[in-house]
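One structure below.
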Amino acid sequence: MKIIMDGKEVAAERGQTIVEVARRNGVYIPTLCHVPALEPAAMCRVCTVELVEGRRTRLVTSCNYPLRGDAEIRTDTPMLRQNRKVLIELLASRCPDAEALKELAERYGADLNRFPAEDRQCIMCGLCARVCERVGGNVLALCGRGVEIRVDTSFGRLSPTCIGCASCVQICPVNAIRIEDMDGERRVIVRGKEASRVQLRKCTSCGIHFGPVIDLGPVLDRAGEGGVPAFNASVCPACSRRSLARRLAERHFEQHAVESPDADEEG
């Protein structure tokens, strides 16, 4: 299989997506809704490239298009740059303060004030809903239709199934989701609205609240990490590190202890 990307032949395997081939060969293609851990969904469209197969040229989303044979790919043509510029300007109207969009705007010369600000605090990439389903929380989902589609909980109510893992917070490209830990509870805030509350564990050593009261077994199994050793759920990470450091120090001094000479023995 012969793949030409921006005029150069690149290494590729049948079935790989265009964005995988690009990253493997150091070619930049912007993405907002794609992470390797999740199946691609092509929600943001900024990864669109030109694909030439035989005599046919078309636009495809690179994150979910698998290569099946010889092809030529153009990732940075004037038309693509203009399309990305407009997409960035439209998305910026929904999230005016997003750093990820500001960085893309600088690269593509987008005017972040071109369209009236809606400030919806979401670009509808779907990453939070997909990762929530992946870990088994099933709290967030895409709700509504057309221009009214949004990320929300079931019936817009506090979710009783949230495990407080904060995966949605970590994966959101525009930092529109946050967590607040207070009064022994973790609150997940989505677009300024409280989505769930989860009880936090209390460290039996120092007394601080440090993590949600959940069973990580099913989460690790779903993620394919079933072999991860069990951790001490009653002790916070800081106290666990201190305890480990103390045990290592004691073991070191025990191994290298030197018996003191007998006081009655003559030197």
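Sorting 113-121, 161-169, 96-104 by their mean Cβ neighbour count within 10 Å, with the most densely packed peptide first, gives 161-169, 96-104, 113-121.
Please express the shape of the range 3-76 as an equivalent ellipsoid: the semi-axes are the square roots of 5 times the eigenvalues of the C-alpha gyration tensor, given largest first in whole angstrom. The partial results should precede the final answer.
Numbers: eigenvalues 66, 34, 26 Å².
Over the Cα atoms of the range 3-76, the ellipsoid semi-axes are 18, 13, 11 Å.
Classify the range 1-41 as rounded, prolate or oblate, taking a ≥ b ≥ c as the square roots of the eigenvalues of its Cα gyration tensor: rounded when a/c is under 1.5, otherwise prolate if a/b is larger than b/c and oblate if not. Oblate is the answer for the range 1-41, as a/c is 1.5 or above yet b/c matches or exceeds a/b.
This structure gives P(r) over Cα pairs in 5 Å bins from 0, in percent, computed directly, and of (i) 1, 6, 13, 17, 18, 17, 13, 8, 5, 2, 1, 0; (ii) 1, 5, 10, 12, 12, 12, 11, 10, 8, 6, 4, 3, 2, 1, 1, 1, 1, 1, 0, 0; (iii) 1, 6, 13, 16, 17, 14, 11, 8, 6, 5, 3, 1, 0, 0 that value is listed as (ii).
State the antiparallel share, in %, of DSSP beta bridges confined to the chain, rounding to the nearest 5.
Working: 31 of 35 bridges.
So the antiparallel bridges amount to about 90 percent of the total.
Summing Lys and Arg as +1 and Asp and Glu as -1 over all other residues whose Cβ lies under 12 Å from the Cβ of ARG114 gives a net charge of -1. In this label model, GLU106 and GLU185 are separated by 4.0 nm, measuring between points 7 Å along each Cα→Cβ vector. With helices as the sole contributors, the chain gives -8500 deg cm²/dmol at 222 nm; each DSSP H run of n ≥ 4 counts as -39500 (n - 2.57), and the sum is divided by every residue.
Result for the chain in a Gaussian network model with C-alpha springs under 10 Å: among LEU248, LEU87, LEU59, the largest mean-square fluctuation is at LEU248.
Mean Kyte-Doolittle of at least -1.0 plus a Cα span of 20 Å or more along the axis: flag which DSSP H helices in the chain meet both, please.
Values: long enough: 78-94 (25 Å, -0.16); 237-255 (27 Å, -1.11).
Long hydrophobic helices here: 78-94.
Residues ILE29, ILE179, arranged from fewest to most other Cβ atoms within 10 angstrom of their Cβ, appear as ILE179, ILE29.
Readers should treat all values here as calculations from the given coordinates under stated rules, not as data from a laboratory. Just so you know, these numbers come straight off a predicted model, no measurement behind them. Reconstructed Cβ throughout: ideal geometry from the backbone, glycine too, with neighbour counts over all protein chains shown.
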